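What follows is calculated from the coordinates using simple rules that are stated; it is not laboratory data. Keep in mind that what you see is a predicted model, and the values were worked out from it rather than measured. Note that each Cβ is placed from the backbone with ideal geometry, even for glycine, and that neighbours are counted across all protein chains shown.
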Amino acid sequence: MQLLDGKYVSEKLKEEIAAEAAGVLATLGRKPHLVAILVGNDGGSETYVASKMRNCEKVGFKSSLFRYDDSVTENELLEKIDEINKDSGVDGLIVQLPLPKHIDPEKVTERIDYRKDVDGFHPVNLGRMMRNLPCFIPATPYGIMMILEEYKIETAGKNCVVIGRSNIVGSPMSILMARNAYPGNCTVTLTHSRTQNLKEIVLQADIIIAAIGKKNFVTADMVKPGAVIIDVGINRETSEKTKSGYKLYGDVDFENVAPKSSWITPVPGGVGLMTIVGLLKNTLASARGNIY
Ligand code: NAD
């Protein structure tokens, strides 16, 4: 078993991004600029947004955060998005999910100018991705593609089983792995909560991408020896043993699955760190005018 080390790869790619950000500053006279909107006080969202902002500073981007409490109306939020859409000094805009129940996340996603949608959730970007056109690829799948590429994982002709069909991870991941590109050219099976005989299907996989949101869901008896394992899950549990007061678990039973695998991403230290790189790469591409 060998680790697909998100810490190593993300640090390496962030150095490259920082060098390119310096080039943008020299050409445009300003830094690439990411704006985040955060609604409410969800602990996970707070952590993710803080990490995104911190990483922007690290690579020489400007970052701005607009915070609202849970009582913000949908209209107020949409008006703020309109304002940021028009601001030529902003390259990327993300609205951290989940949103309070009275705000429709689809409306919010579609209101963001697709040319600033560095999370890659807008239908225009998803449609362009389907057709291999210039677009922002959703940050987590993008990060996974980069780590596969870094370790030169063979993908052509392989059976890839994606578990979970969310709009932000599982569904785009299945499309990317099937594309005629590297990484890609896999025979992909997209599985979900209604899939029957999941274990038999996953046992056929050369590459397993788990994005379910259930701790230790993928167990060793579901894994073919030598499989490549990508664990997207981030499951937080309170813990008295850690400084932060919680511990993170993936969707894969790492302890028992790792010895059977050829390559595996740890949690933490795997896909989560690569997601940030996906977001930074998209913001850089926007600042350079690559997506129009
Ligand atoms: P989601 O909750 O939107 O979707 C979960 C998917 O799992 C659904 O499509 C559902 O059909 C499927 N599922 C549920 N039970 C199943 C079962 N018994 N068998 C097969 N499939 C089943 O999830 P999401 O937003 O894609 O997130 C999944 C996990 O990934 C979560 O833990 C989330 O925190 C994590 N996540 C991590 C990152 C990262 O950067 N590492 C980014 C996004 C999400």
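Quick one: give the max-minus-min coordinate of the C-alpha atoms of the range 236-292 along each principal axis, largest first, in Å.
Cα spread of the range 236-292 along its principal axes, largest to smallest: 45, 32, 13 Å.
Could you give me the radius of gyration and the Dmax of the chain, taking only the C-alpha atoms into account and expressing both in angstrom?
Just the Cα atoms of the chain yield Rg and Dmax of 18.9, 57 Å.
For the range 14-119, build the convex hull from the C-alpha positions and give me its volume per residue in Å³.
Working: hull volume 9.5 nm³, N = 106.
Cα convex hull per residue, to the nearest whole number: 90 Å³.
Would you kindly compute the Cα radius of gyration of the range 150-292 and its largest Cα-Cα separation (Dmax), both in Å?
When restricted to the Cα atoms of the range 150-292, Rg and Dmax are 15.9, 49 Å.
Past the 15 angstrom mark, what percentage of all C-alpha to C-alpha distances in the range 68-123 do you count?
When every Cα pair of the range 68-123 is considered, 44 percent fall beyond 15 Å.
Give, in nm to one decimal, the length gained when the segment between Y246 and T73 is fully stretched (0.36 nm per residue of separation minus the Cα-Cα distance).
Numbers: separation 173, 0.36 × 173 = 62.28 nm, distance 3.15 nm.
Stretched out fully, the Y246 to T73 stretch lengthens by 59.1 nm.
Take F136, F217 and order them by how many other Cβ atoms sit within 10 Å, fewest up front.
Going from sparsest to densest Cβ surroundings: F217, F136.
Please report, to one decimal in angstroms, the Kirkwood hydrodynamic radius of the range 49-90 built from all distinct Cα-Cα pairs.
For the range 49-90, the Kirkwood estimate is 12.0 Å.
Using only the alpha-carbon atoms of the range 1-47, report the extent along each of the three principal axes, biggest first, to the nearest angstrom.
40, 39, 8
In whole Å, what three semi-axes, largest first, describe the equivalent ellipsoid of the range 75-168 built from its Cα gyration tensor (square root of 5 times each eigenvalue)? Before the final figure, lay out each step's value.
Values: eigenvalues 172, 50, 25 Å².
Computed over the range 75-168, the values are 29, 16, 11 Å.
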